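Each remark here refers to the structure printed beneath this line.
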Amino acid sequence: MTSCLVSFFPCPYLQIYHSSNANLTSYLFVLVTVCGNLLIIISVCHFKQLHTPTNMLILSLAVSDFLIGALVMPPALLQLIDSCWIFTRIFCAFNLLTAYVLTSVSIYNVALIAVDRYFALSNPFLYTKTVSVSIMCIVILCDWGVWLSYNISIQYPNLKFLSGAICSRNCVFVLNEIWSLVDLLLSFVFPLSVIIIFYGLVFFIAKKHATAIRDLNSYTRTQTSKNMSDSMKSERKAAKVLGILVSVFVACLLPCAVYSVLGNVIEIEVESFQKIFLLVYLNSAMNPVIYALFYPWFRRSVKLILTFQIFCTDSRLINIL
């Protein structure tokens, strides 16, 4: 970790008191992230209709985004506003580990969603037979476990668990050039490549489905063709929404990846990198907004949650699809 200057005196007057607009924006930023993702978590957990393999991945993504909003964003925004890390070193170590684990899990959740959608669209019968909720939960647990172990292994030797208040300009973790390149490949390049490739295949399949629907409707108007047409349209809509989700994710993630590469070539100010890294956190706040705009089941479930109808008997069996 970058060496920190230990001080036994409090920081100068915090800029948070002199920047009310930035303070309010930060609070709203955290509030939207926490509340929005909490609504997704409650929706998927409570309503039985939403207990599908794909929604388990969405649940995992919402959990990681919720934890980012609850645990990572507040100290990160406070540090950015104050230009000073006012917490203990052990909390700095915990904050860094949490941030890297959760962001890594988030990007691999999106990569798994891309693979899941491709598998579901390309081999629907095989997908139904082989992919269940329990199997998807095992995959998700492995994802969390692998990234927790990986980040502990690369960060632990460099973390100094010292107690006591500190006042440093930053709380950052710096890898050497080799590990920095390995981490960039594992955390950014590989999953982003998977996302781009598989979503390219997904949209190619969706286009074929659209052609099939037009041909089907031109030759027959039977109930069977209508049901098949509705099913294919539903799959294409899901692919489109998840494509938007992925596009926003990539837009938020790429600047951080570019800065990580440039950091090994030229000297970059820590404050500049922290501002760019906030884009990764912004994605956690954007996901619930995307669900609210494009997923009718999410809007219905939010209405039931906010009106406390989920506390009614058998509310988990309500039809919200």
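Does the range 144-183 hold any residues that are loosely packed, with under 13 Cβ neighbours inside 10 Å and modelled with pLDDT of 90 or more, and which are they? Residues satisfying the conditions are Gly145, Ser149.
Only residues that are within 21 Å of Val131 (Cα to Cα) and among the small types (Gly, Ala, Ser) were counted across the range 40-96, and they come to 2.
Of all residues in the range 59-74, those that are at pLDDT below 95 have Cβ atoms under 6 Å from Cβ atoms of residues that are polar (S, T, N, Q) and surrounded by fewer than 22 Cβ atoms within 10 Å (Cβ to Cβ), 6 or more apart or on another chain, in Leu71/Thr98; Val72/Thr98. The residues in the range 110-152 that are of a type in the set (S, T, N, Q) and more than 15 Å from Thr52 (Cα to Cα) can be counted, and the count is 4. Selection within the range 290-321: residues that are aromatic (Phe, Trp, Tyr) and outside any loop (DSSP other than H, G, I, E, B). The member of this set that is farthest from the chain's Cα centre (by Cα) is Phe311.
Is one or more of the residues making up the range 82-90 under 23 Å from Val105 (Cβ atoms), surrounded by fewer than 21 Cβ atoms within 10 Å (Cβ to Cβ) and either modelled with pLDDT of 90 or more or not polar (S, T, N, Q) (or both)?
Restricting attention to the range 82-90, the residues satisfying the condition of being under 23 Å from Val105 (Cβ atoms) are 90.
With the extra rule that they be surrounded by fewer than 21 Cβ atoms within 10 Å (Cβ to Cβ), the set shrinks to 90.
Now restrict to residues that are either modelled with pLDDT of 90 or more or not polar (S, T, N, Q) (or both): 90.
Taking every residue of the range 82-90 in turn, at least one turns out to be under 23 Å from Val105 (Cβ atoms), surrounded by fewer than 21 Cβ atoms within 10 Å (Cβ to Cβ) and either modelled with pLDDT of 90 or more or not polar (S, T, N, Q) (or both).
Given the criteria under 19 Å from Ala99 (Cβ atoms), out of contact with any Gly (no Cβ under 8 Å at 6 or more places or on another chain), of a type in the set (Gly, Ala, Ser) and at pLDDT 75 or above, does Ser187 qualify? The answer is yes for Ser187.
Condition check ((1) in contact with an Asp or Glu (Cβ under 9 Å, 6 or more places away or on another chain); (2) surrounded by 19 or more Cβ atoms within 10 Å (Cβ to Cβ)) across all residues:
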site: Leu67; (1), (2): no, yes
site: Phe94; (1), (2): no, no
site: Tyr108; (1), (2): yes, yes
site: Leu121; (1), (2): yes, yes
site: Ser132; (1), (2): no, no
site: Met136; (1), (2): yes, yes
site: Cys142; (1), (2): no, no
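The values are calculated or read from the model by the stated rules, or taken from the named source; none is laboratory data. These numbers were taken from a predicted model, which means no experiment stands behind them. No Cβ is skipped: glycine too gets one built from the backbone with ideal geometry, and neighbour counts run over all protein chains shown.
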